[in-house]
Amino acid sequence: IIGGDTAMPGAHPWMAAIYIDRKDFCAGTLIASCWVLSAAHCFYRNPLKSQVRVVLGQQNFNVTGPNTRSFGVDNYIFPKHFSVFHPTLHDIVLVKLKKENGACVRRTKFIRPICLPDQTMVFPDNYCCTISGWGHMHEKVKEYSNLQEAWVRLVPHNTCTKPEVYGDHVTANMLCAGTSQCVDACQGDSGGPLACVRDDVSFLYGIISWGDGCGRGKPGVYTRVVNYMDWINSVLKRKARIV
Ligand code: 4AZ
C-alpha cells in the first residue's frame, strides 16, 4: 500500500497473508471459517497445495506470534471462465483451508471473516472504501511492509474505461478506485480486500487485482466481487454438503 498508515492490530481481522512456493506472496480475505478469497493471478501457475501457507491474525510480514494462526491449503478453485491466458479477466480464487482437529478458523479478537455483499449491493461513485495489505510502499522499493491501510474513492466506471485511462481493459467484472498519486495498492497487495462500510459493517466489495504501476495517478483495478456471488455461494454450499 502506498500512502497508507500502519493498521492497528485487529483493525482488519479478515486479512490473510498467503505465502506461495517460498517466493510469491499475496493477500487474501477470510470470508468463512474454512474459506479465503484471493486473486486468481496469484495461483494461475498452479502452485502445489502443500507449498501454500495461509496466515491469519498477522501484523508484520513473515512474523508469527500469539495472535497468528497458520493453515495449510486443502484446495483452490478458479471460477468457470478463468483462463491462464488472461489471468486478470476473472481475477478471483477461492482458497479452502485445511482443517485442524476438525475445524478451520476459530474467531478471536484478531481473526474474523468479512461480510460478503449480496448481488444487488451497490456503493455509489466516489464512495470512500479501505484497502489494506503488506505490499510495497513505493513502486521502487521491493520490500513487503507491516500491515498498511488506506482510503480510496470508487471511480465511476465510465471514467475508468475512457481510452486515456484503461479503455476496454477494464471490464464489467472489474471496478476502479483511487486516482491519487499518493494512495494506491501495489505489488504484494494483490488478492487483498477493498472493503466498503455500510451501517458499521464492512463488506468485501473488491479484490486488489492490477493497475498501471502504483501511485502514478491512474486508478487501481479491483475484481467486482458482487458479480461472482452466485459462484461463491454455489462453491461454499456444495462443499458444505459434501463434508
Ligand atoms: C500488483 O502487481 C499490483 N496499483 C497490484 C495492484 C496495483 C498494481 C500492481 C494497483 O500486484
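When the Cα atoms of segment 1-46 are aligned to their principal axes, the ranges along those axes come out at 33, 28, 17 Å in descending order. Of all chymotrypsin sites (Phe, Trp or Tyr not before Pro) in segment 1-96, which ones are in loop regions per DSSP and have a Cβ with at most 15 other Cβ atoms within 10 Å? Listed in order of number, the matching sites are 85.
Annotation: Cα Rg of segment 21-99 relative to the compact-globule expectation 2.2 N^0.38 Å equals 1.10. Take the Kirkwood radius over Cα pairs of the chain, plug it into Stokes-Einstein at 10 °C and 1.306 mPa s, and you get 90 µm²/s for translational diffusion. Per residue, the convex hull spanned by the Cα atoms of segment 34-151 measures out at 167 cubic angstrom.
Which residue fluctuates most in the GNM of the chain (Cα springs below 10 Å): 160, 129, 182? Comparing 160, 129, 182 in a Gaussian network model of the chain, the most mobile one is 182.
Computed over every Cα-Cα pair of segment 182-243 and binned at 10 Å starting from 0, the pair-distance distribution P(r) comes out as 20, 37, 30, 10, 2 percent.
With angles folded into 0 to 90 degrees, how steeply does helix 229-242 sit against the dominant principal axis of the chain? Use alpha carbons for both and round to 10. Computed tilt is about 10 degrees. Please compute the net charge surrounding residue 209, taking Lys and Arg as +1 and Asp and Glu as -1 over other residues with Cβ under 12 Å from its Cβ. Surrounding charge for residue 209 is -1. The alpha carbon centroids of segment 1-33 and segment 118-174 are separated by 16 Å.
Each reported figure results from applying straightforward, stated rules to the coordinates on display, with no laboratory input. Keep in mind it's a predicted model, so treat the numbers as computed, not measured. Methodologically, a virtual Cβ is constructed for each residue, glycine included, from the backbone with ideal geometry; neighbour enumeration extends over all protein chains shown.
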